[in-house]
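A.B. asks: First the structure, then my questions, so here it is.
The values are calculated or read from the model by the stated rules, or taken from the named source; none is laboratory data. Nothing here was measured: the structure is a model prediction, and the numbers come from that model. Reconstructed Cβ throughout: ideal geometry from the backbone, glycine too, with neighbour counts over all protein chains shown. For accessibility, only protein heavy atoms count, side chains too; no ligands or nucleic acids. Shrake-Rupley method; radii C 1.70, N 1.55, O 1.52, S 1.80 Å.
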Amino acid sequence: MPEPGELQMVAPRRRKPPVHLSDLTLAQRRDVVKALDLPGFRADQVSKQWFGRLADDPATWTDVPEAMRASLSEALTPALLDEVRRMQADNGLTVKSLWRLFDGALVESVLMRYPATERSRARTTVCISSQAGCGMNCPFCATGQAGLTRNLSTGEIVEQVVAAARLLDRGEAEGGKGRVGNIVFMGMGEPLANYDAVIGAVRRLSTESPEGLGLSARNITVSTVGLVPRIQQLATEGIPVTLAVSLHAPDDELRDTLVPINTRFKVDEVLDSTWNYAHVTRRRVSIEYALIRDVNDQAERADLLGKLLKGRLVHVNLIPLNPTPGSKWTASRRKDEAEFVRRLQAHGVAVTVRDTRGRDIDGACGQLAAAE
Ligand code: SAH
């Protein structure tokens, strides 16, 4: 267990997970297939089965000769995620999966369905992990408490989404058949600390089948503690993902304690890179702010935050703190939450209070700790 405030910037080096077609471009997959002395176009067929039909059972790949299926599946679709537990909440509309990776590391992902209302269409969001554990050590977050085990590969990230897509496609999740709408990198890990694998996953998820899953990059949110150089780099990628920055405090003194990376990258630097991201991508950015009773929920802090964000292309998500086991902190009082919202709005800042899906299965914000 890391000491309070201790950061783990470099992931431990571990054995690499098997290479999966989700890790590879279509051209690279053809090379893998050719190395088996099979024609390259077989890679296209398997890819179409995988991402287009969401068919993980080689027995159903009827366009591929039966004799080739086993070797193609072994070379292109080795099992990366073994589901060890599935838990449901909110009448089945929230599903949390615990995955064991090839080396025993555990990660979680959460599928959340939002039925249509009079004002909005039905939505489905998948919350995925980018690392096993996390090195950022935010004291209110369950994942942060256990430290960083390792980075996930691109394939291990993509396959969390493919698994959810399959469940929805087969109508196996409550709410009937459906498709993945939004993806949020708000599970375990700091996505920008595993930059290359995360960018690879974003590209794969947002490329059309058969190369990828064909989701819109605009519907993918990358959430970060504020690794400034990586936010700058992300702005140069030319992928219109939504950036969410976990601020949690408008002043350095408090943020140093709530988000320890703030000792390296200060609030003004984090926000400068955030506004630059909004400017370059013309995308509205999100500010995440977990409301913690009597810690960061004072009216003065709401005003300070309002001043920092005023006039920017930004939306604030207030997250009622989800107390983690042993934590001395809890969520704000309703009246303080309401006052916080009111003051932000008075500065013209758009704000919503996040719902608390999956609390009873430890599947809500900051609770993904893969306890097993
Ligand atoms: N490392 C990324 C993704 C982490 S999880 C990041 O920090 O942004 C996504 C969000 O959940 C972050 O804003 C994180 O600060 C928040 N969070 C973590 N623990 C929480 C808790 N116990 N209650 C409410 N929100 C929490």
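A.B. asks: Quick check on residue 252: is it out of contact with any Lys or Arg (no Cβ under 6 Å at 6 or more places or on another chain) and open to solvent by 10 Å² or more (accessible area, probe 1.4 Å)?
C.D. replies: Here the answer is no, as residue 252 does not meet what is asked.
A.B. asks: Also: Taking the criterion of being touching a Ser or Thr at 6+ places or on another chain (Cβ under 7 Å), within 19 Å of residue 193 (Cα to Cα) and more than 11 Å from the ligand (Cβ to nearest atom), would at least one residue in segment 135-146 satisfy it?
C.D. replies: Among the residues of segment 135-146, not one is touching a Ser or Thr at 6+ places or on another chain (Cβ under 7 Å), within 19 Å of residue 193 (Cα to Cα) and more than 11 Å from the ligand (Cβ to nearest atom), which makes the answer no.
A.B. asks: Looking at segment 12-48, which of its residues are surrounded by 19 or more Cβ atoms within 10 Å (Cβ to Cβ) and touching a Ser or Thr at 6+ places or on another chain (Cβ under 8 Å)?
C.D. replies: Within segment 12-48, 17, 20, 21, 22, 23, 29, 46, 47 meet the criteria.
A.B. asks: Quickly run through segment 282-321 and pick out the residues that are within 20 Å of the chain's Cα centre (by Cα), of a type in the set (S, T, N, Q) and surrounded by fewer than 22 Cβ atoms within 10 Å (Cβ to Cβ).
C.D. replies: 317
A.B. asks: Out of all the residues in segment 203-226, is one or more over 27 Å from residue 46 (Cβ atoms) and assigned to a loop (DSSP other than H, G, I, E, B)?
C.D. replies: yes
A.B. asks: Give me the pairs: first residue in segment 312-328 and acidic (Asp, Glu), second residue within 7 Å of the ligand (Cβ to nearest atom), beta-carbon distance under 9 Å, and six or more apart or on different chains, which are they?
C.D. replies: none
A.B. asks: Now for a separate question. Considering only segment 243-258, how many residues are outside any helix (DSSP H, G or I), within 12 Å of the ligand (Cβ to nearest atom) and either farther than 19 Å from residue 309 by Cα or not hydrophobic (A, V, I, L, M, F, W, C) (or both)?
C.D. replies: Selection size over segment 243-258: 2.
A.B. asks: Among (1) open to solvent by 60 Å² or more (accessible area, probe 1.4 Å); (2) at negative phi, where does residue 65 come up short?
C.D. replies: Unmet condition: (1).
A.B. asks: Quickly run through segment 152-164 and pick out the residues that are surrounded by fewer than 23 Cβ atoms within 10 Å (Cβ to Cβ) and not β-branched (Val, Ile, Thr).
C.D. replies: The answer is 163, and nothing else.
A.B. asks: Please list, ordered by residue number, the strands (runs of 3 or more DSSP E) wholly in segment 263-367 having 3 or more residues that are within 12 Å of the ligand (Cβ to nearest atom).
C.D. replies: By residue number, 285-291, 314-320.
A.B. asks: Among the residues in segment 176-190, are any part of a helix (DSSP H, G or I) and not β-branched (Val, Ile, Thr)?
C.D. replies: There is no residue in segment 176-190 that is part of a helix (DSSP H, G or I) and not β-branched (Val, Ile, Thr).
Each row is one residue, and each column tells you yes or no for (1) more than 16 Å from the ligand (Cβ to nearest atom); (2) buried (at least 24 other Cβ atoms within 10 Å of the Cβ).
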{"position": "173", "(1), (2)": "yes, no"}
{"position": "179", "(1), (2)": "yes, no"}
{"position": "188", "(1), (2)": "no, yes"}
{"position": "191", "(1), (2)": "no, yes"}
{"position": "198", "(1), (2)": "no, yes"}
{"position": "201", "(1), (2)": "no, yes"}
{"position": "220", "(1), (2)": "no, no"}
{"position": "232", "(1), (2)": "yes, no"}
{"position": "237", "(1), (2)": "yes, no"}
